[in-house]
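I have placed the structure first, in the form of structure tokens, so that the comments after it can refer back to it.
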Amino acid sequence: MRIWVDADSCPRQVREIIARAAVRRRIETLFVANRALPDAGGASISFVRVGKAEGEADAYIVDHALPPDLVVTRDIPLATALVEGGLRVLNDRGELYTAENVRERLSVRDFMYELRSSGLTPERTGRFGGRETKAFADAFDRELAKAAKASGPARSQTADEG
């Protein structure tokens, strides 16, 4: 399993949580963005810098992520494509996108876009703060625990195998 992060709009606090977990659990983690990221890396962390064109980070993740990878993104169209491809997708507020809810989230997103395009600006939701960071950290830990459990206990090497 690898962790993929759509890092262009991922809050710094979330990137830090992911990086710490990646190093601690030794999980290959790839931050994909169209700009350089200031975060420090680690042995299991890579940064993939894509071109500046719209959607390049999304396309890179779609082309390279495979089940049972976990993807972190707030991009609902990207989440939809990934969930339909069998991947687990978590947003930066701790919401797990599933086959049951991702189409609904996409529909709401498209409706809100239409409202904004028509000049009707709905009230914005709250800022990203401590509560959202904690919700993400809790959900992220749950998903990593599920992944570890699904992969089974690590096989110990015996003298015959070595």
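Each reported figure results from applying straightforward, stated rules to the coordinates on display, with no laboratory input. No experiment lies behind these values; they were computed from the predicted model shown.
Here are a few things to note about the model shown:
- Long-range amide H partners of residue 74 with built H, under 5 Å: 92
- Maximal additional length on extending the residue 99-residue 53 stretch stands at 13.7 nm, based on 0.36 nm per residue less the C-alpha distance.
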